[in-house]
Amino acid sequence: MLIQNRKAFTMLELVFVIVVIGILSAVAIPKFAVNRDDAVISKAKTLVASVRSAIATERQKRILQGSFTSIFRLTDSNTLGDPIFNAIDGNTSNPVLQYPPFSCKTSTSTECWKETTVGTATTDGVYTYMMPVAGSVVFTLKDNQFNCPATSGSATAQKDCRLLTQ
C-alpha cells in the first residue's frame with residue numbers, strides 16, 4: 001500500500017475557510033461602524049463640555065476683573081476650513097480651546113463644526129455640529145452659555161441635542 005503525502009489544501013477546505021471568514025466579517029464590520037460613530041459622538045460631546053468649561057472660566061475671569069460683558073463669539077473666522085473655537089470674542093490671544101479643531105471643509109461636510117451666525121455684542125453667535133450620518137445640532141452662545149435648544153425643532157434635532165449634551 002502506498003501512502004500519499006498531502007502538500008496542499010483541497011478545494012473544499014479552502015471554500016470552507018472562505019465561508020467562515022465571510023460570516024465573521026458580516027458580523028464584525030457592522031460592529032466596527034457602530035463603534036466609529038460612537039467615537040465621533042463622544043468626541044463631539046467632549047468638545048461641547050470643553051467649550052462650556054472655557055466659557056465659564058472666561059466669565060469668572062471677567063467678573064474678577066470687574067467686567068460683566070457677555071462673551072459673544074468663540075472664533076475669529078467663519079470661513080470653512082479655518083480653526084473654530086480658537087478665539088474668545090474674536091481675540092486669538094485668548095483661545096477657547098488650546099488645540100482648536102478645524103471647521104467643516106465644505107458646506108456638506110459631516111462630523112464637524114461651523115459658525116453659522118457671527119456673534120456680536122448685540123447678536124447671539126450660532127454654531128452648528130454636522131452629525132456623522134444625517135442631521136445637525138445647533139448651539140447658541142447667549143448670555144455666556146453654550147446651549148442647544150432641546151425643546152425646539154424636530155424630534156430628531158431634540159434627540160441629537162440631548163445626545164451631545166447629556
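Every number in this text was worked out from the coordinates using simple rules, so none of it is lab data. No experiment lies behind these values; they were computed from the predicted model shown. Don't worry about glycine lacking a Cβ; one is built from the backbone with ideal geometry, like all the others, and counts go over all protein chains shown.
Some observations on this one:
- The fewest-to-most ranking of T108, T116 by surrounding Cβ atoms within 10 Å reads T108, T116.
- The charge dipole of the range 11-165, taken about its Cα centre with unit charges on the Cβ of Lys, Arg, Asp and Glu (plus for the first two, minus for the last two), comes to roughly 320 debye.
- For G90, net neighbour charge (Lys/Arg +1, Asp/Glu -1) across residues whose Cβ lies under 14 Å away: -4
- The chain: angle of helix 11-64 to the longest principal axis, Cα-based, in degrees nearest 10: 10
- All C-alpha to C-alpha distances of the range 16-70, sorted into 10 Å bins beginning at zero, yield P(r) values of 21, 21, 18, 15, 11, 8, 5, 1 percent in whole numbers.
- Build a GNM of the chain with springs between Cα atoms under 10 Å apart, and of D82, D143, D37 the one that fluctuates most is D143.
- Relative contact order, whole percent, for the range 11-165 stands at 17, derived from Cα pairs under 8 Å and 6 or more residues apart.
- Here volume of the Cα convex hull per residue in Å³ was calculated from the structure, and among (i) 110; (ii) 173; (iii) 185 it sits at label (iii).
- Of K7/K31; K61/K142; K45/K105, pairs whose Cα-Cα distance is over 27 Å: K7/K31
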